[in-house]
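Have a look at the structure below, then the notes.
The values are calculated or read from the model by the stated rules, or taken from the named source; none is laboratory data. Just so it is clear, the structure is predicted and the values come from calculations on it, not from any experiment. Counting neighbours? That spans all protein chains shown, and the Cβs are built from the backbone with ideal geometry, glycine included.
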Amino acid sequence: MKLRANLVIGGALFALAIAVGLLAPWLAHTDPVLDANLMNAEEPPSWTWWFGTDDQGRDIYSRVVYGARVSLTVGIVSQLINSVIGVALGLSAGYWGGWWDDVVNALTNLMLAIPSLIFALAIMAVLGPGLTSLLIALGLTNWSFTCRIARASALSLRNQGYVQAATVLGYGDFRIMITQLLPNMLGPIVVIGTLGMGSAVLSEAALSFLGLGVRPPFPSWGSMLSDARDQITTAPWLSVFPGLAIFLTVLGLNLLGDGLRDILDPQSRSRRT
Amino acid sequence: MTGAPLIEVEDLRIDLDDGSRRVAAAEGVSFRISRGETFGLVGESGCGKSITALALIGLLRPPLSIGAGVIRFDGKEIQHLSAARQRDLRGDRIAMIFQEPMTALNPVSPVGRQIAEMFVLHKGKSWREANRLAVEALASVRVPAPERRVNDYPHQLSGGMRQRVMIAIALACGPDLLIADEPTTALDVTVQAEIIELMRNLCAERGTAILMISHDLGLVANVCRRVAVMYAGRIVEERGSADIFRKPSHPYTQGLVDSLPRLGSRAALGRSRLKEIAGVVPAITSFPDGCRFNPRCVHATDICRTIVPETDLLEAGGLVRCHHHA
Ligand SMILES: Nc1ncnc2c1ncn2[C@@H]1O[C@H](COP(=O)(O)OP(=O)(O)O)[C@@H](O)[C@H]1O
Ligand code: SF4
Ligand SMILES: [Mg+2]
């Protein structure tokens, strides 16, 4: 059996990002916001300042470490919202069919037609910048793939013997959806969710870059990139390290999603070998 | 045996509506089953056995629906009950097992949990109590080491074991009626006999009536006290199990009995071919007028081709639907 490198590397990168976010107070050398000191402004990376300092003399390493919290919170929470919406809509549409299915389908097509980042931008414009707005905007705009998968799974699962057996045994619709359908479609939902987390991390960076994300001075990788824009030639480390953090996290999540698909979906496994 | 029937079906008609027209997939179906009784429903594939069972538990879904008739359970009409009330009956007072033990269990849930769910759902037990009862239920269907087996997933069990689990689930709430729709068709012959024996013993102990559905007259007559034979959506004969072999009255039943191998007969010894009924079962959309068996019947006369035979009482006991019955 081939070693599932994507699963291992992806899992390790994601775990690392989570660990950094959780352990930020212990890993960081300085306070990411308060420890500004113009005496050390724009220091390049060194043994003292691992990732260098910014124009206010704040330690980039510490800011990147704390920035993991925002990026991962946005990635995980917004994707969870997406997954819950997508599963609830897709599962019920596939199981019940009829007019409800038509409504959900129309909604899904609408979501697929508009790029989710544009949609999120519109929501941010209404809600204003900030972490909560980010979570809402990204959580409401990226559920269409999950919904499609959940609907397709429900459509095929509802004809399974055990679903019909449950009906015969007096299970109600909700009990059937929760106990019979949901656990049997979890594999692909988790895969989509993992990939979705990666794109949410990217979207956070994009929205923060546009100044719609977390308000300064609190660091997020996207807002750090945005701040570093003007100094990209004079102090490249300001953009390189947050960029690298985004890159590695998104790469990790994509590899992880890929690896999970390999073990959870026997069809794609046989296609690949 | 008390006189009052547990379930009473009167003149049931099941409609199949394909949008452009409506045909009766089953009609004039009447039978009654007493408490604790074993009753068999036999007929070739497609004659309407399963849809009759689904009608009893309120699970006919479009394009099928109940067109006419009365279904009385424990003295109360149930065919017009609300969906929620019918659901309360299902699994609690009327249980059903299917032929596919391989697919009738949820693959991602331990079997103990699937049994326990019945106690939670219908008896309002706590999960703790339900899990304890699940071990007992598994023991009652003679699964060895039930306290360990409850944690097994369906794929860890053999076909026979899975069907035992299905029986444990179906009988968990102590139903009054167990409907077994081809319960052993998918199993080995030896396992088949064990499962049938187990089902019969458990139901006899608990006073649960059985409605056993099968294409296999021999199997059903073995298990059941009375047997109804169905052909093309109508019950054509209903008799005591012994009588149906000794002197079948309807020409179709006679054909069925003749096509069974008998112990010691030349056919069973392989020296002569079993007699088969010539012709095929008519499609649901092209049932012939009059008696639906007439194109295949050697006794058919003109009246058979135009007039639907009524159900006659036989002197020897039993019912038959034929103009020229024996
Ligand atoms: N969901 C359905 N849609 C259309 N026709 C059906 C459906 N279910 C059953 N039928 C038809 O009703 C007839 C009786 O079916 P069934 O009760 O399953 O037969 P069996 O006696 O083999 O159990 C068959 O002709 C079958 O084709
Ligand atoms: S009614 Fe006529 S065709 Fe039908 S079974 Fe009797 S004899 Fe045969
Ligand atoms: Mg059937």
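Of the candidates A:Gly198, A:Gly170, A:Gly193, A:Gly187, the single residue that is closer than 17 Å to A:Arg151 by Cβ and either more than 14 Å from chain B (Cβ to nearest Cβ) or free of Cβ contacts under 8 Å to residues at least 24 places away in the same chain (or both) is A:Gly193. Of the helices (runs of 4 or more DSSP H) that lie entirely inside segment B:41-137, those containing 1 or more residues that are farther than 30 Å from B:Tyr252 by Cβ span B:83-89, B:111-123. Against the list (1) under 30 Å from B:Ser259 (Cβ atoms); (2) small (Gly, Ala, Ser); (3) away from every other protein chain (no Cβ under 11 Å), the condition B:Ala53 fails is (3). Is at least one residue of segment A:102-119 free of Cβ contacts under 8 Å to residues at least 60 places away in the same chain, hydrophobic (A, V, I, L, M, F, W, C), in a helix (DSSP H, G or I) and under 30 Å from B:Arg87 (Cα atoms)? Yes, the conditions are met somewhere in segment A:102-119. Residues that are farther than 27 Å from B:Val165 by Cβ and within 14 Å of chain A (Cβ to nearest Cβ) within segment B:65-95 comprise B:Ile78, B:Leu81, B:Ser82, B:Ala83, B:Ala84, B:Arg85, listed in sequence order.
Answer yes or no: is there a residue in segment B:103-113 that is among the polar types (S, T, N, Q), over 24 Å from B:Ser34 (Cα atoms), touching a Ser or Thr at 6+ places or on another chain (Cβ under 9 Å) and touching a residue at least 40 places away in the same chain (Cβ under 8 Å). Looking for residues that are among the polar types (S, T, N, Q), over 24 Å from B:Ser34 (Cα atoms), touching a Ser or Thr at 6+ places or on another chain (Cβ under 9 Å) and touching a residue at least 40 places away in the same chain (Cβ under 8 Å), one finds at least one in segment B:103-113, hence yes. Of all the numbered requirements in (1) surrounded by fewer than 23 Cβ atoms within 10 Å (Cβ to Cβ); (2) in contact (Cβ under 8 Å) with a residue 24 or more places away in the chain, A:Leu244 misses one, and that requirement is (2). So for segment A:15-22 (the condition being within 27 Å of the chain's Cα centre (by Cα), in a helix (DSSP H, G or I), within 18 Å of A:Val214 (Cβ to Cβ) and not hydrophobic (A, V, I, L, M, F, W, C)), does at least one residue qualify? Taking every residue of segment A:15-22 in turn, at least one turns out to be within 27 Å of the chain's Cα centre (by Cα), in a helix (DSSP H, G or I), within 18 Å of A:Val214 (Cβ to Cβ) and not hydrophobic (A, V, I, L, M, F, W, C).
The condition (being among the hydrophobic types (A, V, I, L, M, F, W, C), crowded, with 22+ Cβ neighbours inside 10 Å and more than 12 Å from every other protein chain (Cβ to nearest Cβ)) is satisfied by just one residue among B:Leu121, B:Leu138: B:Leu138.
In this entry, B:Arg13 is excluded by the filter for residues that are within 14 Å of the chain's Cα centre (by Cα), surrounded by fewer than 18 Cβ atoms within 10 Å (Cβ to Cβ) and in a strand (DSSP E or B).
Of all residues in segment B:169-186 being assigned to a loop (DSSP other than H, G, I, E, B) and within 16 Å of ligand 3 (Cβ to nearest atom), which is nearest to the other protein chains (Cβ to nearest Cβ)?
Within segment B:169-186, the match that is nearest to the other protein chains (Cβ to nearest Cβ) is B:Ala186.
Please go through segment B:289-326 and pick out each residue that is more than 8 Å from ligand 2 (Cβ to nearest atom), modelled with pLDDT of 90 or more, over 17 Å from B:Val229 (Cα atoms) and in a loop (DSSP other than H, G, I, E, B). Hits for segment B:289-326 are B:Asp289, B:Ile307. Answer yes if at least one residue in segment B:147-159 is at pLDDT 95 or above and small (Gly, Ala, Ser), and no otherwise. Checked against the condition, which is being at pLDDT 95 or above and small (Gly, Ala, Ser), segment B:147-159 yields no hits at all. When segment B:97-116 is filtered for residues that are facing another protein chain (nearest Cβ under 7 Å), in contact with a Lys or Arg (Cβ under 8 Å, 6 or more places away or on another chain) and under 20 Å from B:Leu177 (Cα atoms), only B:Ala104 remains.
The residues of segment A:120-166 that are among the aromatic types (Phe, Trp, Tyr) and in a loop (DSSP other than H, G, I, E, B) amount to a single one, A:Trp143.
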